[in-house]
Amino acid sequence: MSKAITLKEAVKKPDLLASGHRLCAGCAEPIIARLVLKASRGAIIATTATGCLEVATTIFPYSAWRIPWIHTAFENAAATASGIEAAWRAMRRKGRGPLARYETLDIVAFAGDGGTYDIGLQALSGALERGHDFTYVLLDNEAYMNTGIQRSGGTPYCAWTTTSPAGTVIPGKREWKKPIDEIVIAHETPYVATVSPAYPLDLMQKAARAFETEGPAFIHAISPCCRGWRFPSNKTIEVARLAVETCFFPLYECRVEDGRPIYKLSPPSLAIAKRPERKKPVEEYLRIQGRFRHLFRPERREGLIERIQRWVDRRWEMLLEKADL
Amino acid sequence: MKEAKPGWRELPFGAVPYKSSLEYHTGDWGVERPEFDLEKCTRCTLCHFYCPEGAISFDAGHPEVDLRYCKGCGICANECPAGAIRMVRKG
Amino acid sequence: MSRQRLLGLNGDEAAAYAIKQVNPDVVAAYPITPQTIIVERFSEYVADGLVDTEFIAVESEHSAMSCCIGAAAAGARAFTATAANGLALMWEMLYIAASLRLPIVMAVVNRAMSAPINIHNDHSDSMGARDSGWIQIYCENSQEVYDACIEAWRIGEHLDVQLPVMVCLDGFTLSHTMENVLTLSDEAVRDFIGERPYIKVEGHLGEAEFRLDPEKPLTMGPLDLYDFYFEHKMHQVEAMKEALKAVPEIDEEYAEISGREYRLLHPYMMEDAEVALIGLGSTMGTVRYVVDRMRKRGLKVGMVRMRVFRPFPTEELQKLLKDVEVVGVLDKAMSFGAPGGPLYEELRTIFYDVDENPLIVDYIYGLGGRDTPPHLIEEAYEGLLEVKRRGEAVEKLRFLGVRM
Ligand SMILES: Cc1ncc(C[n+]2csc(CCOP(=O)(O)OP(=O)(O)O)c2C)c(N)n1
Ligand code: SF4
Ligand code: SF4
Ligand code: SF4
Ligand SMILES: [Mg+2]
């Protein structure tokens, strides 16, 4: 194990995602990507699925990536990473080419919720099952943002998107958020963690553990999108924090030990588990986002807000049980 | 000034980008920029980690913003635990 | 010329055996009839430690090609094999492999496209991929499959080319039919293919070889808009032109070690031919047999087997066919709603502005594996002779062997 990451050390590490990219002002995706990259052990190769991060960082003739990076398509980040990993293994075995030099290589795949929950789920499942040594980072902004805010399997219940509009009859998305972490954990993935950019140290530490994991690791990052979630650009981190404080998006890790998933709550969520009165009502999270505006205006939709609260509570309780708390 | 774009024979093989994004200045995107009160600042470094642009550095031992890239999102000011950042109009 | 060993191999086995000798870094593949033997044999080679390849038993063909792309971008030699529906599932990635300039090699065991689902041979799968930017070689027999699976690496990796290569072989007719195949020694294959060369590029962080290397980072597959995309497509146009020069060079080099001489086009009895058939793949063996039979009757018939369909050997074809009075095109694929099959359309195109041009008719044949015995080929030749007698082709699109 390498030395534990500290903010003091990490601040000195140069950014591997350079300034001058063209993601929206206030976008969480580059915050998360920068933090993940800061946790790299050294040699690193990245692939990125089609989506906001990919398009806005590589508008020809410019690139913001200071590491070897490839984009191939939307639904195949895990498969592209599998190929890179297999190439590295083969090269090492044969002692051929530059990749043969590296005893450890951080292979990271970034993909959005569309590229993960939906169109990329099969490639992800295949790569997890085959056990490639790579880190998959899900940038979950809960919709297809790059194509203009369409709903995905990761979009939460009642959220407005351009394909789940809040109409007079239907109040936004009718389905619940797909439990992607459970799906990944069910693959007996060696390391799974949820992260929020509001907690940079926690995020970097988890990314470091993911890189160190032998076999596949999965990092699920909540990635508030000011444009698609309809909040001012300076509130990104506030929203990312509220997601955790309301237990809408609890922070935890799950490792497989002796074939069993071992859940461990991370400090911000553990604090709530220990002092439940600290758990904020989900309403505080919903209220500051325009995509849930129809739950409060023109009139308050108490029933819907309650349903969302019950969903949060039930999933939180289930998580506490899994974490033996 | 608009520079002439290269013809296809001049472009690198494989559609490989040949300019760093550092040459692309996004500093004119927003209307505001952060102003640091170094008296109040505790050097917690959080603003460096929260900035989506990587525009805040601590090379000088205290936060400094690179206005060539700051898009004026206001995250740093919103998050500074010491209240040491204020958004002011650019220019 | 090195010593060679005669082995009894079907087309799939010939491909697998060649790839074993090539010993690529990564093979990612998904089974589909009639390609399965390739994946199975290769898995055995891996299981028996006869290759150092990382074999990825992927969950789909889309991932197979994605893995190959990731691996080839990382500097590896990558191989896959597929057919019909599998090729269709890869479609998106075919363009990406070619546009990213990755010299992947793929065996396509030609099979009819669904629906209705059909496992037998025609060319509707690879013909659908003809615009994807891949080099396409169509084999006549297992020997050629073996040879092409070796040559393909040198063709695709040629520094002026850097494109992926499809080695196409007819499902069942070739894939499952045992033939005698002369094989080179492992050493001869290794020496012939050598190491994969890489192009030097000037990226945004300085010069690097075109591969993912943490010490010399490059960005591959950027967002490319209307201001540059077109120019990048010109690179591919140029690469295909270069491929047309590279193939004969490599064929020549290969002939030196194997004694087998391949060309872009394989004409037969064309010196004085008045009518000729042109086509791709295993059927051309039957056509050759029929040519011999008809020649015995004193009929001046000839044939041209096209081995390389992409890049399209325009000038070579113009030269070869300009004095022929009537050309019949054998198309084992239909382009629905079009004037004819893909080969027919391209052949007519290249003769449009040639003064001396033959009359050209199209024979769509063999769809879904419909047998094409000698008498049908003879029927086609009779049709061409009839056109010659009349001096015009009234019916240009014909269907050979379909019940009316
Ligand atoms: C096969 C395919 N289908 C559709 C698209 C169009 N497309 C590009 S990005 C995108 C949405 C990306 O959403 P997500 O993965 O959530 O990433 P985000 O942009 O939100 O970060 C879509 C639908 C595509 N590029 N490829
Ligand atoms: S649309 Fe959302 S996710 Fe995409 S760049 Fe803008 S803020 Fe980021
Ligand atoms: S967040 Fe505020 S206190 Fe912390 S380093 Fe930045 S300016 Fe200083
Ligand atoms: S306003 Fe936004 S872009 Fe500018 S320095 Fe602060 S966080 Fe960075
Ligand atoms: Mg998204």
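What the phi angles of segment A:91-101 give under the Karplus curve with 6.51, -1.76 and 1.60, with θ = phi - 60°, is a coupling list of 5, 5, 4, 8, x, 10, x, x, 5, 5, 5 Hz, glycine and proline written as x. FRET efficiency for the B:Phe58 to B:His25 pair, using the beta carbon distance and R₀ = 25 Å, is estimated at 0.70. Between C:Val354 and A:Glu214, the FRET efficiency from the beta-carbon distance, with R0 = 56 Å, is close to 0.30. Counting only heavy atoms of the protein chains and using a 1.4 Å probe, A:Leu251 has close to 0 Å² of accessible surface. Shown for segment C:13-61: residues covered by the partner protein chains by 40 Å² or more of accessible area relative to the chain by itself (probe radius 1.4 Å), namely C:Asp25, C:Asp52, C:Glu54, C:Ile56, C:Glu59. Take the alpha carbon gyration tensor of chain A, find the square roots of its eigenvalues, order them as a ≥ b ≥ c, and report rounded if a/c is under 1.5; if not, report prolate when a/b exceeds b/c, else oblate. Judged from the Cα gyration tensor, chain A comes out prolate (a/c at least 1.5, a/b above b/c). Note on surface exposure: C:Arg3, A:Arg92 rank C:Arg3, A:Arg92 by accessible area, highest first, 1.4 Å probe.
Database remark: amide H of A:Gly172 closer than 5 angstrom to the amide H of A:Ala166, A:Gly167 (H placed geometrically; neighbours at sequence offset of 5 or more, or on other chains; Pro and chain starts carry no H).
Taking amide H positions as modeled 1.01 Å from N, with prolines and chain starts lacking one, the residues under 5 Å from C:Ile360 and 5 or more places away or on another chain are C:Val327. Just the protein heavy atoms count here, and of the accessible area of segment C:265-400 at 1.4 Å, carbon and sulfur take up 48 percent. Rounded to the nearest 0.05, what FRET efficiency do A:Arg174 and A:Lys280 give with R0 = 25 Å and r taken as the Cβ-Cβ distance? Could you check? After rounding, the FRET efficiency stands at 0.45.
Going by average Cβ neighbours within 10 Å, how do the peptides C:108-116, B:56-64, C:273-281 rank, with the highest at the top?
By packing density, highest mean first, the sequence is C:273-281, C:108-116, B:56-64.
Roughly how big is the C-A contact, given as buried accessible area in Å² (both sides, 1.4 Å probe, nearest 100)?
Summed over both sides, the interface buries about 3600 Å².
Please figure out what share of the DSSP beta bridges in chain C is antiparallel and state it in percent, rounded to the nearest 5. Restricted to chain C, the bridges split so that about 30 percent are antiparallel. Could you check how much of the accessible area of chain A is carbon and sulfur, as a whole percent, using a 1.4 Å probe? Accessible surface attributable to carbon and sulfur in chain A totals 52 percent. Within 10 Å of the Cβ of each residue in B:3-10, the mean number of Cβ atoms contributed by other protein chains is 3. Please compare each pair in A:Lys173/A:Lys264; A:Lys3/C:Lys200; A:Lys12/B:Lys5; A:Lys177/A:Lys264; A:Lys206/A:Lys235; B:Lys5/B:Lys71 to a cut-off of 29 Å on the Cα-Cα distance and tell me which ones are over it. Too far apart for the 29 Å limit: A:Lys173/A:Lys264; A:Lys3/C:Lys200; A:Lys12/B:Lys5. Annotation for the B:A interface, with buried accessible surface near 2800 Å², both sides summed [1.4 Å probe; non-protein components not counted]. Straight-line cross-link reach from C:Lys332 at under 26 Å between alpha-carbon atoms covers these lysines, not counting any fewer than eight positions away in the same chain: C:Lys241, C:Lys300, C:Lys319, C:Lys322, C:Lys388, C:Lys396. The DSSP beta bridges internal to the protein assembly as shown are antiparallel in roughly 35% of cases.
Taken residue by residue and averaged, Cβ atoms of other chains lying within 10 Å of the Cβ of B:37-44 number 1. For the protein assembly as shown, the solvent-accessible area of protein heavy atoms averages 39 Å² per residue (probe radius 1.4 Å; ligands and nucleic acids excluded). Partner shielding of C:227-233 amounts to 5, given as the average count of beta-carbon atoms from other chains within 10 Å of each residue beta-carbon.
For C:Leu277, the residues whose modelled amide H falls within less than 5 Å of its own, excluding neighbours fewer than 5 places apart on the same chain, are C:Gly302, C:Met303, C:Val304, C:Gly328.
When the chymotrypsin sites (Phe, Trp or Tyr not before Pro) in segment C:246-351 are filtered for DSSP coil states and for at most 16 other beta-carbon atoms within 10 Å of their beta-carbon, the remaining sites are C:Phe336. When only the Cβ of Lys, Arg, Asp and Glu is charged (+1, +1, -1, -1), the dipole of the protein assembly as shown relative to its Cα centre reaches about 2900 debye.
The values are calculated or read from the model by the stated rules, or taken from the named source; none is laboratory data. No experiment lies behind these values; they were computed from the predicted model shown. Note that each Cβ is placed from the backbone with ideal geometry, even for glycine, and that neighbours are counted across all protein chains shown. For accessibility, only protein heavy atoms count, side chains too; no ligands or nucleic acids. Shrake-Rupley method; radii C 1.70, N 1.55, O 1.52, S 1.80 Å.
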